[in-house]
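Novice: Below is the structure I would like to discuss, written out as structure tokens.
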Amino acid sequence: MSNLTLPVIETSSIKGYGSIEGIHQLDSITTQNLIEDNSKLATNWETFLSICCILMGTGVLQLPAALKEGGWAGFFYIFLTGLMSNYAGMLTVRCLYTKEGERLSTFSDMGFYLYGNLGKQTIQVFKVLSMLGAGSIFILLASINLDQLFSDIFGWKPHFLFWIIVSSIIALIPMILFKEIHESPLITFFGTFTTIFVIVIASSISILVWMKPDFEYPPSSAFKLSGLPISFSSICFAFGGNLLYPDIEKGMKTPQSFDKVLTYSSFVVTIFYAIMAFAGYLAFGDNVLSPVLLSFNPNFFVNAAYLLITAHVLLTAPLLFISISGDMEKDMSSETEMKPFYRHILRATLLFLSVGAALAFPDFEKLIALISSVTISLLSYAIPVFFYMKMYDGRISFGFSDSLLQYSTIFVGLFCFFVGTYLSSIDLLFGK
């Protein structure tokens, strides 16, 4: 642990810090003790928007299909998953503060602090798998959208491989041209606007379908036990954001307000998700497709949604691959900067791996379920609770509400990881 270079802050004197009952005692610490330059930091409102931007992404397109897997009970899973994701997010930030009075910087640092190199490497492996998986989903989604757009507007439908290649080339160009690209507020706003636009359009059209005089209720189920793990895993994907919370909290003017702001953000996002899932499953039932826009007849608004989503994912995909390669470059060339040629080879290889997954498994619904089961279920649910329980063991006394949420969140995370991974793998490999 002495190998970590960490900024020192005064946290060890806070009695009960880290528990639901004691977390509010952080108010006694001034913001200046946490971060020096307060004037450049985010207000609570700006932080609220940032967290909403992180959470609200392409996973929303899968939510009606998640209800198809689990039945109407999946509507309840959305609220349960939102609650657990919010709690695990709080624990992630609390685990930044050690008993020695240090503030860790990243999720990987937590793993190193608690379990040494094994913990750090484990987190990094799952982080890379998660981001490569997200890259696969982005490339696949862009290809699906382009295929649908050109088919609807121009009546042109080439082989799907063509759109995979086009999407990959578009994503690769900035990866070769730029050494580093950081997500700008404009891209963040555009992504959030796109998601809200899609939710409004998809929900509105679904309700209009339901309101037609000749509407007949499609087949649906109240509860599907066999689909419960995949349903949970798919919903978990839509709430994954823990890896970024340390940076979000560090950039706040009042970090002690993080729990409150996260809760408000999670509540708003959960409501949006619930509306989308309910409307889509109400209108199409077990016939709903994933991404959900494929369920609708072509029109101006649906095509606009396709276009916005495609632009969003193709702008975001290079950021993922550059982030992964940046971490790898530091590990592979810690003393000297990697030469551009080798950097380009590394980035192209990462993109090739993601494209390979998209080509091998070109099923958006099933690919999301598998990636979420393998990575998000652990990174955003089980692992933060495990870290929290180990870090604060002996430092605080957990109340009943803490213990109940801890073990429930661990159970859901591990259940999705083991059972969800098995079932989604079988479904992806051998399903229809």
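Novice: Of all the residues that make up the range 72-83, how many are of a type in the set (A, V, I, L, M), surrounded by fewer than 23 Cβ atoms within 10 Å (Cβ to Cβ) and closer than 15 Å to S266 by Cα?
Specialist: Result for the range 72-83: 2.
Novice: Now a separate question. Please verify whether the range 228-236 includes one or more residues that are touching a Lys or Arg at 6+ places or on another chain (Cβ under 9 Å) and either in a helix (DSSP H, G or I) or modelled with pLDDT of 95 or more (or both).
Specialist: yes
Novice: Let me ask something else. For the range 124-141, indicate whether the set of residues that are of a type outside the set (A, V, I, L, M, F, W, C), touching a helix residue (DSSP H, G or I) at 6+ places or on another chain (Cβ under 6 Å) and surrounded by fewer than 20 Cβ atoms within 10 Å (Cβ to Cβ) is non-empty.
Specialist: yes
Novice: If you go through the range 194-221 one residue at a time, how many are assigned to a loop (DSSP other than H, G, I, E, B) and either closer than 26 Å to I371 by Cα or within 15 Å of the chain's Cα centre (by Cα) (or both)?
Specialist: Total satisfying the criteria: 2.
Novice: Something else now. Considering L308, L314, L289, which residue is in contact (Cβ under 8 Å) with a residue 40 or more places away in the chain, of a type outside the set (S, T, N, Q) and in a loop (DSSP other than H, G, I, E, B)?
Specialist: Going through L308, L314, L289 in turn, just one is in contact (Cβ under 8 Å) with a residue 40 or more places away in the chain, of a type outside the set (S, T, N, Q) and in a loop (DSSP other than H, G, I, E, B): L289.
Novice: When the range 341-361 is examined, which residues are found to be over 16 Å from I169 (Cβ atoms) and without any contact (Cβ under 8 Å) to a residue 60 or more places away in the chain?
Specialist: Hits for the range 341-361 are F341, Y342, I345, L346, A360.
Novice: While we're here: Would you mind telling me which numbered condition in (1) buried (at least 21 other Cβ atoms within 10 Å of the Cβ); (2) under 27 Å from A88 (Cα atoms) K390 fails?
Specialist: So K390 meets the others, but not (1).
Novice: Quick one: which of V209, V268 is surrounded by fewer than 17 Cβ atoms within 10 Å (Cβ to Cβ) and not hydroxyl-bearing (S, T, Y)?
Specialist: Sole residue among the options that is surrounded by fewer than 17 Cβ atoms within 10 Å (Cβ to Cβ) and not hydroxyl-bearing (S, T, Y): V268.
Novice: So, one more: Determine if the range 415-432 includes at least one residue that is in contact (Cβ under 8 Å) with a residue 24 or more places away in the chain, farther than 19 Å from S234 by Cα and outside any helix (DSSP H, G or I).
Specialist: no
Novice: Checking the condition crowded, with 20+ Cβ neighbours inside 10 Å and over 19 Å from the mean Cα position of the chain (by Cα), which residue from Y342, Y306 passes?
Specialist: After applying the criteria, what remains is Y306.
Novice: Could you say whether any residue in the range 145-166 is buried (at least 22 other Cβ atoms within 10 Å of the Cβ), farther than 11 Å from V355 by Cα and of a type in the set (S, T, Y)?
Specialist: So far as the range 145-166 goes, no, none of its residues is buried (at least 22 other Cβ atoms within 10 Å of the Cβ), farther than 11 Å from V355 by Cα and of a type in the set (S, T, Y).
Novice: I would also like to ask the following. In the range 370-401, which residues are in contact (Cβ under 8 Å) with a residue 24 or more places away in the chain, farther than 16 Å from L132 by Cβ, in a helix (DSSP H, G or I) and in contact with a helix residue (DSSP H, G or I) (Cβ under 9 Å, 6 or more places away or on another chain)?
Specialist: Across the range 370-401, the qualifying residues are S377, S380, Y381, A382, I383, P384, V385, F386, F387, Y388, K390, M391.
Novice: Checking the condition modelled with pLDDT of 95 or more, out of contact with any His (no Cβ under 9 Å at 6 or more places or on another chain) and under 19 Å from A283 (Cβ atoms), which residue from V166, V209 passes?
Specialist: V209
Novice: Give just the number: which of (1) in a helix (DSSP H, G or I); (2) farther than 30 Å from Y306 by Cβ; (3) at pLDDT below 95 does E100 not satisfy?
Specialist: (1)
Novice: Residue by residue through the range 216-229, note down the ones that are exposed (fewer than 12 other Cβ atoms within 10 Å of the Cβ) and among the hydrophobic types (A, V, I, L, M, F, W, C).
Specialist: The answer is A222, L225.
Novice: Right, here's the next one. Out of (1) within 18 Å of V385 (Cβ to Cβ); (2) of a type in the set (S, T, N, Q); (3) under 13 Å from the mean Cα position of the chain (by Cα), the odd one out for T98 is which?
Specialist: Every condition holds for T98 apart from (3).
Novice: If you take the residues in the range 258-270 that are of a type outside the set (D, E, K, R) and more than 17 Å from the chain's Cα centre (by Cα), which one is farthest from G74 (Cα to Cα)?
Specialist: The residue in question is F258.
Novice: Inspect the range 220-227 for any residue being within 30 Å of F321 (Cβ to Cβ) and of a type in the set (S, T, N, Q) and give the result as yes or no.
Specialist: Among the residues of the range 220-227, not one is within 30 Å of F321 (Cβ to Cβ) and of a type in the set (S, T, N, Q), which makes the answer no.
Novice: For the range 99-121, name all the residues that are closer than 17 Å to F258 by Cβ and in contact with a helix residue (DSSP H, G or I) (Cβ under 7 Å, 6 or more places away or on another chain).
Specialist: Scanning the range 99-121 gives L104, S105, T106, F107, M110.
The values are calculated or read from the model by the stated rules, or taken from the named source; none is laboratory data. It should be emphasised that the depicted structure is a prediction, and the values quoted were computed from it without experimental measurement. Cβ: placed from backbone, ideal geometry, glycine included. Neighbour counts: every protein chain shown.
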